[in-house]
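Written below as structure tokens is the structure these notes are about.
Nothing in this text is a laboratory measurement; each read-out follows from the coordinates by a stated rule. This one's a predicted model, so the numbers in the text were calculated from it and none came from an experiment. Every residue, glycine as well, gets a Cβ built from its backbone with ideal geometry; the counts of neighbours run over all protein chains shown.
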Amino acid sequence: MVIVARSKNKLEQLKTKLENKYSTNVLVINKDLCLPEATKEIYNEVKEAGINVDFLIINAGFGGRGKFYERDWDRDLAMINLNVVALTAFTSFFLPDFVKRNSGKILNVSSTACFMPGPLQAVYYATKAYVTFFSNAIAEELHDTRITVTNLMPGATETDLGAVSGMDKTEVFKNTASARRVAEDGYNAMLKGKIDAFSGLTMSQKLMTSMIPFIPKKILLKTVR
């Protein structure tokens, strides 16, 4: 396994846990994916280690609340770099290797936010729309290969994202799914080669999602806000 994040101490703890429990080898790469050069450096490090990646799981991301014109641009730019640019770059670097072998699976973590505009979370919702449509498009480009691309769209989940972004104070975060459940749903969907997968939605959220195409835009925007 290759695990990547900014938190080196947490990565080392996870490495120890995984190696002891599963008798596997874990390569830790400590990088800030908001930096434009990070993805290429990670790819090169993986190649230099002689590792062929079979499953590429891109889960890094963060959000933020507030009116766009009042938010800090550097923070929103970092969000775009992480949620959009890093994900696209990883796909660009690793996918040609998959195509050469005609095997491999990609799991990109989007959000149910991808279906609608997000007043007070404008950039976050927009980045998740990108993840979904990019993933779906690449999946179709690969339809005649043994490579699959799965787009995971979880609802509110028990992770640090809610607290860090301030979204934990919103209505939707009153009912959250466990991170384990969402991870398992996404992983199983990837193994099956599904194009889209949902996880952690309440009945009301499922109903809302199914109704989105039929709701007038002004009403939808007010409801999401």
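Annotations for the structure displayed:
- Positive-end extreme of charge dipole, the chain - chosen from 83, 69, 220 (charges on Cβ): 220
- Nearest 10 degrees, 0 to 90: helix 122-141 Cα axis against the chain principal axis: 50 degrees
- In Hz, Karplus ³J(HN,Hα) per residue of the stretch 45-60 (6.51, -1.76, 1.60; θ = phi - 60°; x = Gly, Pro): 5, 5, 5, 5, 7, x, 9, 9, 7, 9, 10, 10, 10, 10, 10, 5
- For the chain: rounded, prolate or oblate by the Cα gyration tensor [a/c cutoff 1.5]: prolate
- Derived scalar couplings ³J(HN,Hα) [the stretch 185-198; Karplus, 6.51 cos²θ - 1.76 cosθ + 1.60; whole Hz; x for Gly, Pro]: 4, x, 5, 5, 5, 4, 4, 7, x, 5, 7, 10, 8, 10
- The C-alpha atoms of the chain define a longest principal axis, and helix 87-101 lies at about 40 degrees to it.
- Between helix 8-22 and the chain: long-axis angle, C-alpha atoms, 0 to 90°, nearest 10: 60 degrees
- Under the Karplus curve 6.51 cos²θ - 1.76 cosθ + 1.60, θ = phi - 60°, whole-Hz ³J(HN,Hα) for the stretch 32-39, x wherever Gly or Pro sits: 9, 6, 6, 7, x, 7, 5, 5
- Under-5 Å amide H pairs with residue 198, H placed in peptide plane, nonlocal only: 153
- Size of electric dipole in the chain: Cβ of Lys, Arg +1 and of Asp, Glu -1, about Cα centre, debye, nearest 20: 600 debye
- Amide H contacts of residue 2 (H built 1.01 Å from N, in plane; Pro and chain starts excluded): 27 sit under 5 Å, all sequence-distant by 5 or more or on other chains.
- Residues whose placed amide H lies under 5 Å from that of residue 150, excluding near-sequence neighbours: 106, 107, 108
- Packing-based order for 28-41, 11-24, using average beta carbon neighbours within 10 Å, highest first: 28-41, 11-24
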